[in-house]
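Novice: Take this structure first; my questions come after.
We did not get these values from a lab; they are worked out from the coordinates using the rules stated. Since the structure is predicted, the reported quantities are computational estimates derived from the model, not experimental observations. When we count neighbours, we look across all protein chains shown, and the Cβ atoms used for this are built from the backbone with ideal geometry, even at glycine.
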Amino acid sequence: MYKTDHEFEKYFNLFDGKRLRSFVNFKMCNNVLRIERGRWLRQDVNNRKCTLCNTKEVGDECHYIFKYPLFTKDRNSVLPTRLCRNPNMYTVQNLMNTVNKRKLVQPCSLYQSSYTM
Ligand SMILES: [Zn+2]
């Protein structure tokens, strides 16, 4: 979904240990976000809405990175405002493929936080 070229992923040089594992799991859709849990249960995408906020949006990576209200403060401290205005899957893909370590820290933190949701 995020990988467009068959080549060495540069983020392997940015992280190690638990943070690298978290990022890889997040990037590979091996996570416990609502969109994935619903897929495991063979639910329709429209029934995989986030149950943690009242936005009634599908609980996918885009929602938790760019829109989930609880992460607003962290998101604003890491991501540029223009990136968060009208996010889409292309925006998520660009974020996942960046080599800017600071920008990648947020998805890793979100993934780790998702286990406590
Ligand atoms: Zn939500």
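Novice: Please report 62, 84 as a ranked list, fewest other C-beta atoms within 10 angstrom at the top and most at the bottom.
Specialist: The fewest-first ordering by Cβ neighbours comes to 84, 62.
Novice: Given H placed 1.01 Å from N in the peptide plane, which residues other than close sequence neighbours of residue 49 have an amide H under 5 Å from its amide H?
Specialist: Those lying under 5 Å, H to H, from residue 49 are 59.
Novice: While we're on this one: Quick one: length gained pulling residue 7 to residue 103 fully straight, 0.36 nm per residue minus the C-alpha distance? Don't jump to the answer; show the numbers that get you there.
Specialist: Values: separation 96, 0.36 × 96 = 34.56 nm, distance 2.08 nm.
Between residue 7 and residue 103, full extension yields an extra 32.5 nm.
Novice: Let me check I've understood the local charge: for residue 102, count other residues with C-beta under 15 angstrom from its C-beta, Lys and Arg +1, Asp and Glu -1. What total comes out?
Specialist: Surrounding charge for residue 102 is +4.
Novice: So which trypsin sites (Lys or Arg not before Pro) in region 45-97 are both in a DSSP loop and have at most 16 other Cβ atoms within 10 Å of their Cβ?
Specialist: Within region 45-97, the qualifying trypsin sites (Lys or Arg not before Pro) (loop, at most 16 other Cβ atoms within 10 Å) are 56.
Novice: Next question, about the same structure. Taking the Cα centre as origin and putting +1 on Lys and Arg beta-carbons and -1 on Asp and Glu beta-carbons, what dipole magnitude results for region 15-114, to the nearest 20 debye?
Specialist: My answer is approximately 140 debye.
Novice: Just to be sure I understand the model, the point goes 7 Å from the Cα along the line to the Cβ. What's the resulting residue 53 to residue 77 distance in nm?
Specialist: It is 1.7 nm.
Novice: Further question: Given +1 on the Cβ of Lys and Arg, -1 on the Cβ of Asp and Glu, and no further charges, what dipole in debye does region 1-66 carry about its Cα centre, rounded to the nearest 20? It would help to have the intermediate numbers written out before the result.
Specialist: Details: 13 positive and 9 negative charges, 65 e Å.
With only Lys, Arg, Asp and Glu charged at Cβ, the dipole is about 320 debye.
Novice: List the lysines whose alpha-carbon lies under 16 Å from that of residue 10, not counting same-chain residues fewer than 8 positions away?
Specialist: Those lysines meeting the cut-off are 27, 101, 103.
Novice: I've got another one for you. Can you tell me how region 15-114 classifies by the Cα gyration tensor, rounded, prolate or oblate, using a/c under 1.5 as the rounded cut?
Specialist: Details: a/c = 1.79, a/b = 1.25, b/c = 1.43.
Since a/c reaches 1.5 but b/c is at least a/b, the shape of region 15-114 is classed as oblate.
Novice: Testing the spin-label approximation: label points 7 Å from Cα along Cα→Cβ at residue 29 and residue 86. State their distance in nm.
Specialist: Here the answer is 2.6 nm between the modelled labels.
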